[in-house]
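Novice: So that we are looking at the same thing, I have put the structure below in structure tokens.
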Amino acid sequence: MNSTTPLLELRSITKSFGSVQALDEVDFEVRLGEVMALVGDNGAGKSTLIKCIAGIHGYDSGEILFEGQEVHIHGPKDASRLGIEVVYQDLALCDNLDVVQNMYLGREAHDAFQRLKEPIMEQKTAETLKSLAVTTINSVRQPVATLSGGQRQSVAVAKAVQWNSKLVILDEPTAALGVAQTEQVLALVRRLGEQGLAVVIISHNLHDVFETANRITVLRLGRNVGIFDREKTTPEEVVHAITAGAPTKVSGITPGTATAGAAS
Amino acid sequence: MSTAEAVSPPAAPVDEEPRGFAGLYRRAMDNLKSGNLGVLPIVIGIIFIVVFFSFKATNFFTANNFVNIIIQMAGTAMLAYGVVFVLLLGEIDLSISYVAGIGALTVAELQLPGSGHEINGLLAMLCAIGICAVIGFAQGSIVARVGVPSFVVTLAGYLIWQGVILQRLEQPGSIIIQDRWINYTASYFFSDQAGWLIAALITGLYAVVVIGGVVGKRRAGVAVRSPGLVVAKLVGVGVAAFGTVAICNHAKVPHGLPLAGVLVVIALVVLTFLAKRTTFGRHVYAVGGNAEASRRAGINVPRIRILVFVLSSSMAAVGGIILAANVNSVDLNFGGGTLLLNSIAAAVIGGVSLFGGRGEVRGAFLGALVIATVSNGLNTAGYATGIIYEVTGIILLLAVTLDTIARRLQIRSGR
């Protein structure tokens with residue numbers, strides 16, 4: 001796999017919930033070392049697309065390529081085995097557990113008798129937070145309930161990168177944050193890209209998008225309406241695509257996966 | 001990938017914790033903020049209750065009565081341990097009192113001389129626990145896989161298992177338990193020497209575990225929080241163990257440390273270990289705190305739910321056996337009365353939240369101790385049963401009110 005091959009590539013992903021067509025032949029890609037923004041209005045299918053990648057729910061048709069190989073993701077474990085981690089909008093942290101316990105949730109270090117190895121987990125957690133320059137958390141043994149919104153988001157992001165992940169997906173990471181905390185999280189997102197990870201950031205907030213992203217994929221009503229380079233575009237152009245963009249391919253006319261790559 | 005490379009050599013915890021008193025204070029504040037009141041309120045409550053009844057009834061504060069209280073709390077404590085896990089999930093198990101009845105009925109049936117299926121008492125107890133585990137598995141599966149609310153499933157269980165007990169015992173009215181192994185669970189008392197040995201063993205094992213933990217942390221370069229607290233805990237456990245044995249050895253009738261008390265402590269240790277030191281326990285807390293987050297983290301949530309219901313039914317069987325052994329029989333009314341509500345109340349009084357995710361096994365131990373002490377004290381002081389219920393109710397209300405206030409504090413301080 002060379003550097004121009006996308007780390008993750010989605011081809012013609014289609015998903016419907018009953019009669020609602022949530023995704024209609026959507027293509028998507030992200031490369032290593034790049035922050036790709038995924039934007040669109042409410043109901044554009046951003047969250048659905050992410051959930052397909054994360055294995056939260058399946059997709060009806062289309063294919064997913066990871067490092068150039070076709071993969072099948074049937075559950076969150078499949079996704080994390082590939083190195084895909086998602087930081088959800090609702091944070092997906094357990095308030096009643098402390099920072100270490102949340103960082104290792106579902107992947108606790110344990111011995112043959114299922115006994116937890118707390119010292120190792122605590123030490124690794126401290127290291128990860130340090131490597132991401134998350135310095136505002138006093139104690140990794142603090143319950144998450146006592147943390148501020150920005151700190152919680154930092155923990156959620158750190159949890160995602162802890163696992164030698166290659167792709168980190170952030171769903172509205174700044175939605176509930178104040179100005180200072182937003183900047184803190186956006187800096188963290190940029191740092192992830194600089195450290196060589198592939199990052200996908202979903203956001204309503206174009207300020208956040210233009211602050212962090214290298215490229216921007218726009219969805220509208222479950223379809224692709226364009227991919228923009230941040231360097232070569234303006235917020236106005238992106239807003240226009242979000243609100244009135246025309247689909248880049250029309251279902252039924254573009255014949256399947258063979259030419260799907262050309263759509264971008 | 002990058003985190004692995006960017007990592008500095010080990011032993012650089014981000015947290016520079018204040019030591020000594022300041023550290024303790026901050027931990028306490030953190031706990032309070034997250035809605036954990038700890039065991040302090042209940043320990044104060046127990047001291048208050050003991051002092052109160054010592055003045056009220058002349059034969060309350062005696063060694064004999066101390067042994068009585070241990071035996072009286074044993075059955076309820078065992079059931080309450082199971083309740084803790086169910087409540088941690090944010091579920092409820094209303095069937096435990098009659099599942100305990102099924103456990104008791106099973107051992108009684110299997111030890112019945114001349115019944116043709118008479119087996120060794122120890123084996124009978126294992127069978128009883130096994131049968132109840134299957135009951136728990138069935139109930140848990142309906143909750144976790146089908147999605148029927150646990151309240152309804154276990155309410156149905158409450159009726160069904162009560163029905164089974166009534167059906168079996170309608171004719172004889174009761175079955176006498178003669179097997180000595182079964183009866184030992186409530187009526188075996190260790191000799192003085194054996195009692196001391198057990199106290200030494202408990203203290204020693206606890207010391208090994210605690211010191212082992214400290215060594216492990218040191219080795220990993222992780223800060224050891226409040227060494228003073230570690231020493232205080234060690235001393236506390238030692239004093240409690242030897243103190244209990246000393247008092248039991250002072251009692252005239254029954255004399256010595258009761259096996260029931262030792263079983264309660266063993267279950268406490270094993271289940272605390274399960275809850276706090278294993279992946280299973282961690283996942284129970286996680287599912288109770290945020291089931292969706294747990295699912296997304298790859299935890300098999302239905303499996304955890306089912307296992308918890310298996311555990312709660314199994315503990316109910318253990319408690320049921322001890323309760324039956326205490327009266328040497330199983331009768332028509334077994335599992336009725338206040339057993340169910342006392343067991344749940346014990347867990348709740350002990351600080352286990354009904355909303356899930358917060359609480360500890362030792363809370364059920366302390367809660368069962370409170371309930372047994374209050375009812376014993378009121379009995380000894382000559383109050384009627386009505387008063388006992390009223391007082392237990394008031395204590396329960398106080399405990400839940402405290403829990404709710406703690407939770408509101410958490411919401412205010414969090415986020």
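Just so it is clear, none of the values below were taken in a lab; they were calculated from the coordinates. Please read these numbers as outputs of a predicted model, since none were measured by experiment. Glycine also receives a Cβ, built like all others from the backbone with ideal geometry; neighbour counts cover every protein chain displayed.
Novice: What 222 nm value per residue comes from the helices of chain B, counting each DSSP H run with n ≥ 4 as -39,500 (n - 2.57) and dividing by all residues, nearest 500 deg cm²/dmol?
Specialist: -24500 deg cm²/dmol
Novice: Something else now. Over the whole of A:136-149, what's the average partner chain Cβ count within 10 Å per residue? Rounded to a whole number, please.
Specialist: That average works out to 6.
Novice: Roughly what angle does helix B:150-169 make with the longest principal axis of chain B, taking Cα atoms, 0 to 90 degrees, to the nearest 10?
Specialist: Computed tilt is about 20 degrees.
Novice: Give me the distance between the Cα centres of segment B:326-370 and segment B:236-263, rounded to whole Å.
Specialist: 22 Å
Novice: Quick one: what are the phi-derived ³J(HN,Hα) couplings along segment B:179-191, Karplus 6.51/-1.76/1.60 with θ = phi - 60°, whole Hz, x for glycine and proline?
Specialist: Taking θ as phi minus 60°, the curve returns 4, 6, 4, 5, 5, 4, 4, 10, 10, 9, 10, 6, 5 Hz for segment B:179-191.
Novice: Treating the angle as unsigned and between 0 and 90°, give the value, to the nearest 10°, between the Cα long axis of helix A:179-194 and the longest Cα principal axis of chain A.
Specialist: 80 degrees
Novice: Taking the Cβ of B:ARG282 as the centre, find all other residues whose Cβ is under 9 Å away and add up their charges (Lys, Arg: +1; Asp, Glu: -1).
Specialist: My count for the surroundings of B:ARG282 gives +1.
Novice: Now, a different point. Quick one: helix B:301-327 against the long Cα principal axis of chain B, what's the angle to the nearest 10°, folded into 0 to 90?
Specialist: Approximately 40 degrees, to the nearest ten.
Novice: What residues have an amide H closer than 5 Å to that of B:GLY356, excluding those fewer than 5 places away on the same chain, when H is modeled at 1.01 Å from N in the peptide plane?
Specialist: B:GLY90
Novice: Sticking with this structure for a sec: For B:CYS132, B:CYS127, A:CYS52, which order do you get if you count the other beta carbons within 10 Å of each Cβ and list the fewest first?
Specialist: Neighbour counts put them in this order, fewest first: B:CYS127, A:CYS52, B:CYS132.
Novice: Taking the DSSP beta bridges in chain A as the whole, what percent of them are antiparallel, to the nearest 5?
Specialist: Roughly 60 percent of the DSSP beta bridges within chain A come out antiparallel.
Novice: Please give me the summed charge of the neighbours of B:LEU123: other residues whose Cβ is under 15 Å from its Cβ, Lys and Arg +1, Asp and Glu -1.
Specialist: Value of the local net charge: -2.
Novice: For an R0 of 51 angstrom, estimate the FRET efficiency from the Cβ-Cβ distance between A:THR136 and B:ILE394 and round to the nearest 0.05.
Specialist: 0.70
Novice: Distance between the C-alpha centers of segment B:205-234 and segment A:218-242? Whole Å please.
Specialist: Centre-to-centre distance over Cα atoms comes out at 56 Å.
Novice: Still on this structure: Using the number of other C-beta atoms within 10 angstrom as an exposure proxy, rank B:SER54, B:SER343, A:SER148 with the fewest first.
Specialist: B:SER54, A:SER148, B:SER343
Novice: When you count, for each residue, the other Cβ atoms within 10 Å and take the mean per peptide, how do B:399-408, B:301-310, A:8-17 rank with the highest first?
Specialist: Averaged packing, sorted descending, gives the order B:301-310, A:8-17, B:399-408.
Novice: Now, a different point. Tell me which lysines have Cα within less than 28 Å of A:LYS166's Cα, excluding those fewer than 8 residues away on the same chain?
Specialist: A:LYS15, A:LYS46, A:LYS51, A:LYS77, A:LYS117, A:LYS124, A:LYS130, A:LYS232
Novice: Taking only Cα atoms and a 10 Å spring cutoff, compute GNM fluctuations for chain B and point out the largest among B:GLY101, B:GLY363, B:GLY130.
Specialist: B:GLY130
Novice: Where the centre of each part is set by its Cα atoms, how far does segment A:168-216 sit from segment B:124-155, in angstrom?
Specialist: 46 Å
Novice: Something else: Would you report the distance distribution of C-alpha pairs in segment B:283-415 as whole percents per 5 angstrom bin, up to the bin with the largest distance?
Specialist: 2, 9, 14, 18, 18, 16, 11, 7, 4, 2, 1, 0
Novice: Please rank B:LEU397, B:LEU234, fewest neighbouring Cβ atoms within 10 Å first, as an exposure proxy.
Specialist: B:LEU397, B:LEU234
Novice: Averaged over its residues, how many other protein chain Cβ atoms are within 10 Å of peptide A:110-122's Cβ atoms?
Specialist: Average neighbour count from other chains, rounded to a whole number: 5.
Novice: Follow-up question, since we're still on this one. Run the helix sum for chain A: -39,500 (n - 2.57) per DSSP H stretch of 4+ residues, divided by residue count, reported at 222 nm to the nearest 500 deg cm²/dmol.
Specialist: -9000 deg cm²/dmol
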